[in-house]
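Presented below is the structure to which this report refers.
The values are calculated or read from the model by the stated rules, or taken from the named source; none is laboratory data. If you're wondering where the values come from, they're calculated on a predicted model, not measured in any experiment. Note that each Cβ is placed from the backbone with ideal geometry, even for glycine, and that neighbours are counted across all protein chains shown. Protein only, heavy atoms only, side chains kept; ligands, DNA and RNA dropped before computing areas. Shrake-Rupley method; radii C 1.70, N 1.55, O 1.52, S 1.80 Å.
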Amino acid sequence: MKKIAFCIFSFNRGQYLKNCVESIQSCLPNADIYVFDDNSDDQQTLSVLDELKNICNIMTPSGYGKTKHGGLYLNMQTALEALSHYPLLCFLQDDTQVVRPVDAQEIDSWVSLFTNNASLGFLHPCFIRGI
């Protein structure tokens, strides 16, 4: 079983979505990628989703959020429930990207961190500017 799944949350930003998926594939070539599309309706995004369906799992909401945030929180909850068999989930917005390779040893250290700290809920990637 793979230890990590990438969950990309997207709505009508096909050009960014494609870049995000390509960055994951470049840095973690065998990663499982799930795109949670919030019912995009622009032609460019629909074309990108159609292209990506052969390399990603495309998920669409089963309902709609009733808040000002649209379906984002519903899609995040759906991801947590549907992918609970993964030890790690990485949540990304469609306009972000993975910027460096991540090796198996690093992923194992994250799994160990959560295993040894039951109260730990999440890790947040931070970028520190070099001097």
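Here are a few things to note about the model shown:
- Number of residues in the stretch 105-123 that are open to solvent by less than 60 Å² (accessible area, probe 1.4 Å), within 17 Å of ALA5 (Cβ to Cβ) and out of contact with any Leu (no Cβ under 9 Å at 6 or more places or on another chain) equals 1.
- Just one of the listed residues (CYS90, CYS27) is open to solvent by less than 30 Å² (accessible area, probe 1.4 Å) and in contact (Cβ under 8 Å) with a residue 40 or more places away in the chain, namely CYS27.
- First in the stretch 38-51 and open to solvent by 50 Å² or more (accessible area, probe 1.4 Å), second anywhere and of a type in the set (Lys, Arg), Cβ under 9 Å, 6 or more apart: GLN44/ARG13; GLU51/LYS18
- Qualifying residue in the stretch 108-117 (condition: within 18 Å of the chain's Cα centre (by Cα) and modelled with pLDDT of 85 or more): yes
- The one condition in (1) without any contact (Cβ under 8 Å) to a residue 12 or more places away in the chain; (2) open to solvent by 50 Å² or more (accessible area, probe 1.4 Å) that ARG13 fails to fulfil: (1)
- Flag for ILE8 being surrounded by 15 or more Cβ atoms within 10 Å (Cβ to Cβ) and among the hydrophobic types (A, V, I, L, M, F, W, C): yes
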